[in-house]
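Chemist: One structure, as structure tokens, below. Some questions next.
Every read-out reported here was derived from the displayed coordinates using simple, explicitly stated rules and does not represent laboratory data. Note that the coordinates shown come from a computational prediction; the quantities given were computed from them, not determined experimentally. Counting neighbours? That spans all protein chains shown, and the Cβs are built from the backbone with ideal geometry, glycine included.
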């Protein structure tokens, strides 16, 4: 029996909550027992020391797990425009994306850039 793989990207502008959402998804899926905090530097995907110190994602990180026979690669991406090349590398492998929009800041310029790229590549996208 072949195994299905889903590459799911979490994208947004800086400080919109990508890593926080990633932690919540990992917790809900039973991958982690405790939800990490960006501010405390205890998240699964921010592994570089500089990421933990600054509270930002600098490099994309993947956490893989299975649910009901589907292998899921959850990819937490950087949001700061300085690291857009890191995000662009991920876009071509995505089967789907969650585009996070901050309830406080709303749609930002980086949000528009990401949405255009997702549309151009025809990546099915959920807006959260």
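Chemist: Over the C-alpha atoms of segment 4-127, what are the Rg and the largest Cα-to-Cα span, Dmax, in Å?
Modeler: Values for segment 4-127 (Cα only, Rg and Dmax): 13.6, 38 Å.
Chemist: Write down the percent of antiparallel bridges among all DSSP beta bridges whose residues are both part of the chain, to the nearest 5.
Modeler: Looking only at bridges with both residues in the chain, the antiparallel portion is about 35 percent.
Chemist: Grab the DSSP H runs of the chain that are 4 residues or longer, score each as -39,500 (n - 2.57), total them, divide by all residues and round the 222 nm result to the nearest 500 deg cm²/dmol.
Modeler: Computed mean residue ellipticity for the chain: -8000 deg cm²/dmol.
Chemist: Here is a follow-up. Order by neighbour count: 87, 123, fewest other Cβ atoms within 10 Å first, most last.
Modeler: The order, fewest Cβ neighbours first, is 123, 87.
Chemist: Tell me, what is the FRET efficiency for residue 6 and residue 119 to the nearest 0.05, using R0 = 30 angstrom and their Cβ-Cβ distance as r?
Modeler: It comes out at approximately 0.90.
Chemist: Quick one: length gained pulling residue 128 to residue 88 fully straight, 0.36 nm per residue minus the C-alpha distance?
Modeler: Stretched fully, the residue 128-residue 88 segment lengthens by 12.4 nm.
Chemist: Assuming 0.36 nm per residue, please report the length gained on full extension of the stretch residue 49 to residue 64 beyond their Cα-Cα distance.
Modeler: Separation in residues times 0.36 nm, less the Cα-Cα distance, equals 3.2 nm.
Chemist: Computed FRET efficiency, Cβ-Cβ of residue 107 and residue 34, R0 22 Å: what is it to the nearest 0.05?
Modeler: The calculated FRET efficiency here is 0.10.
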